[in-house]
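Asker: Once you've had a glance at the structure underneath, I'll fire off some questions.
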Amino acid sequence: MEKLKWLIILIVVSLFIINPMIQKNRNIKMTIPPSAKKIPKDVTVHNDERIDNYGWLRDKTSSQVLNYLKAENVYTKDNMLHTQSLQDRLFREMKRRLKENDNTAPHKWKNYWYYSRTEENKQYSIFVRKKETLDAKEEITLDLNQFVSKHDYVFLSGYKISPNQNLLAYTIDFDGSENYILKIKDLKLNVELSDKLIGLAESVEWANDNETLFYVTKDDASRPFQLWRHSLGTDQAEDSLIYEENDESYHMELKRSKSGKYIFMILGNNITTECWVLDRDLPNNDFILMQERRDGVEYEPMHQGNRFLILTNDESLNFKLVSAPIDNPSVGYWEDVIPHREEVKLEEVESFENNIAVFERINGNVNINIYSPDFENVHTVELPDSLYEVGADYNLEYSTQALRIYFTSFKIPYSYYDYLMDDKNLVLIKRDPVLGGYNPDKYESKRLFAKGHDGKNIPLSLFYKKNIKLDGNNPVYLDGYGSYGDTYDPAFSSRRLSLVDRGVIYIRAHIRGSSFLGRGWYNDGKLSYKQNTFSDFISSAEFLISEKYTSNNKIVIYGGSAGGLLIGAVLNQSPHLFKAAIADVPFVDVINTMLDETIPLTVIEYDEWGNPNMVEDYKHMIAYSPYDNVFKQDYPALLVIAGLNDPRVGYWEPAKWVAKLREIKTDKNILMLKTHMDAGHFSSSGRYDYLKDVAFYYAFALDQLGINK
């Protein structure tokens, strides 16, 4: 009887206490956020409500919209609670690999060495300099941590020292909207000047008088379009408008020549540029047109000696280098100095007084060739790996033989070298430290080629722990982008070790839409050929499965921004290939966004995606637009990330996409939306906060792969 009595008590306790607790947790995990289909009364309706049910989510001023996004955040947090210990471990791992008290490689400009450093438990960089030698006393030019008490988000875009090195002009963003404030600091007195300019784009440059600044402002669609002249000590309302670009597909930026002699105003869209030049010694003069715009022709000028060198694709798909006289730099006076070659894409040029460094891409890899000023002599820099990323770092000095480059690979942390061009000697200046006993010999990296749907070979770069077995059981993190010609070469990430050390194979797919195999590789992945980008990614996954690197229940895919478009498209087209997906600030509402010219970047992007007001372009775009092609089918588990202040991809795009997926998809796999309520396109700005963001989506990926250690 006594045993029966205790059994009854236990059952009662279970029914009335324990079971409700379990049910409560179950309800948290399974409760879907409130429907986005009903339009609240307090929202402003936009044009796209006429063609979809969720356009009302664009009204950022609506309390119900904000509450809806917060409800999604709560749902996401609750569904990730079981991964909290994994998130914490990942964060601690990634933080332990950082040298928290560290500095960047110092670079020389005139009589100062400039660099930035970080301090333990501080989120942001401290910018400093030393006069003449690195043993001199340190001067702090700007400490970004001073803004932490008032701002949750801090992003520095421009840092421009005046020619006499007494003043610092810097542009800063405090909410992720990329509308910058310009401030000026007197470095000798260590005080902020009264000058404060608002509504700026990133570009700002000094004239040689140390009293005149040129800067660029944005229009209502966040397009950089006006060039202004500012004199120190005056109000912004007194500034002079120098130039206004009225073509809505063009944007504006400024660049200083390495020689310090000229400022270039560069106007351009995705396929055309037009450049104007000003002598920095004559800031009140007019900018002079170098060569008027010609549709499809890009050119980038630099000053070298008694001429301009110009990198251009004029009748040259993969670009060539030409020279032009300073007094008449128009196309009729251009002379080839490095002719076009079909198999070589000229990527970047650094022009010095006595040498010209040219970064040339061939078969996916970048070589650095050093040319003499007459281009009669050339030699190639020997680099320390075969699968890598390399590029020019800060090269502010004109009269030097030292070319500063960065070099990295999947296995080699970012390393900064001075290549002594006359001596042909590569000198390591600094390699980013990786704490915690990192040993590159534990890992492998290699290049594979997947066969595409049309027979093209798609390069894949792999990074993994040694001794993997090709048995189809390896978890894979497949990463892709494939737009704007942007090329992501194999580069080191200490954060990525947290995946690879758990047996995950990290793979970067160099799909069409990038320039990995030259400009033609880019052109074959844009406009009416955009489907090639998605088909290449699908073919990459199919290849990895057929070659038994993995299986379809072991692949997590990731893409951000235009890479998020990639994720959305391949999920619609081949959802069965993937276990889970992460879409980071994804551009998924292609048609609605590209029909709305009030949205930042829309008109500028016509040359990348097409203009949906044109029938043929519309047909191509509607065929792949992720939001317009959500089907009644099963989808993998999906984590979607947005930024409330994002000026590049409106937060409503991922929000609308998630809402539509909730309505239509047929599976019970988890679907989560996480909106950063105080940030923009680039997630959290603080270095520790950013690590927590990465830990969050890594935990999602690992959890979906069944890896919880």
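Asker: Which order, highest average first, do 637-649, 545-557, 287-299 follow once you tally other Cβ atoms within 10 Å for each residue and take the mean per peptide?
Answerer: The packing order, highest mean first, is 637-649, 545-557, 287-299.
Asker: Can you figure out the FRET efficiency of S35 with E139, using R₀ = 60 Å and their beta-carbon distance, to the nearest 0.05?
Answerer: So, using R0 = 60 Å, E works out to roughly 0.55.
Asker: Between Y438 and D220, what is 0.36 nm times their sequence separation minus the Cα-Cα distance? Round to one decimal in nm.
Answerer: Working: separation 218, 0.36 × 218 = 78.48 nm, distance 4.84 nm.
This chain segment gains 73.6 nm when fully extended.
Asker: Report relative contact order for the chain in percent, whole number only (criteria: Cα-Cα under 8 Å, sequence separation at least 6).
Answerer: Working: 1592 pairs, mean separation 71.6, N = 709.
About 10 percent, as a whole number.
Asker: Using the Kirkwood radius built from alpha carbon pairs, what does the Stokes-Einstein equation give as D for region 446-704 at 37 °C and 0.692 mPa s, in µm² per second?
Answerer: After rounding, the answer is 178 µm²/s.
Asker: Computed from the mean reciprocal separation of all distinct C-alpha pairs, what Kirkwood hydrodynamic radius does region 190-234 have, in Å? Provide the component values of the computation, followed by the final result.
Answerer: On the way: mean 1/r = 0.0872 Å⁻¹.
The answer is 11.5 Å.
Asker: How large is the helix-only mean residue ellipticity at 222 nm for the chain, computed as the sum of -39500 (n - 2.57) over DSSP H runs with n ≥ 4, divided by its residue count, in deg cm²/dmol to the nearest 500?
Answerer: Result for the chain: -6000 deg cm²/dmol, rounded to the nearest 500.
Asker: What FRET efficiency would be calculated for the residue pair K548, Q84, taking the C-beta separation as r and a Förster radius of 35 Å, to the nearest 0.05?
Answerer: About 0.55, to the nearest 0.05.
Asker: Quick check: from the Cα gyration tensor, does region 377-462 come out rounded (a/c under 1.5), prolate or oblate?
Answerer: Verdict is oblate for region 377-462.
Asker: Between D327 and S63, 0.36 nm times their residue separation minus their Cα-Cα distance comes to what?
Answerer: 89.1 nm
Asker: Cα-based Rg (one decimal) and Dmax (whole number) for the chain, in Å?
Answerer: Final numbers for Rg and Dmax: 27.0, 109 Å.
Asker: Rank by packing, highest mean first: peptides 450-459, 134-143, with packing defined as the count of other Cβ atoms within 10 Å averaged across residues. Intermediate values should be presented prior to the final figure.
Answerer: Details: 450-459: 16.0, 134-143: 13.0.
For the peptides 450-459, 134-143, the packing ranking is 450-459, 134-143.
Asker: Under a plain spin-label model, where a point goes 7 Å from the Cα along Cα-to-Cβ, how far apart in nm are E192 and D667?
Answerer: For E192 paired with D667, the spin-label model returns 5.0 nm.
Asker: Consider just the alpha-carbon atoms of region 146-191 and return their Rg together with their Dmax, both in angstrom.
Answerer: 11.7, 34
Asker: Relative contact order for region 601-709: what percent, with Cα pairs under 8 Å and sequence separation of 6 or more?
Answerer: Working: 119 pairs, mean separation 26.7, N = 109.
Dividing the mean separation by the residue count of region 601-709 yields 24 percent.
Asker: Report the full-extension gain for the segment S157 to N284: residue separation times 0.36 nm, less the Cα-Cα distance, to one decimal in nm. Could you put the intermediate results ahead of the total?
Answerer: Values: separation 127, 0.36 × 127 = 45.72 nm, distance 2.61 nm.
Contour length minus Cα-Cα distance gives 43.1 nm.
Asker: With contacts defined as alpha carbon pairs under 8 Å and 6 or more residues apart, what's the relative contact order of region 446-704 in percent? Before the final figure, lay out the partial values.
Answerer: On the way: 558 pairs, mean separation 41.0, N = 259.
This gives 16 percent for region 446-704.
Asker: Then there's this: For N613 and I271, what is the calculated FRET efficiency with R₀ set at 22 Å and r taken between the beta-carbons, to the nearest 0.05?
Answerer: For N613 and I271, the calculated efficiency is 0.75.
Read the figures in this text as sums done on the coordinates, not as results from a lab. Model, not experiment: these values are computed from the prediction. Don't worry about glycine lacking a Cβ; one is built from the backbone with ideal geometry, like all the others, and counts go over all protein chains shown.
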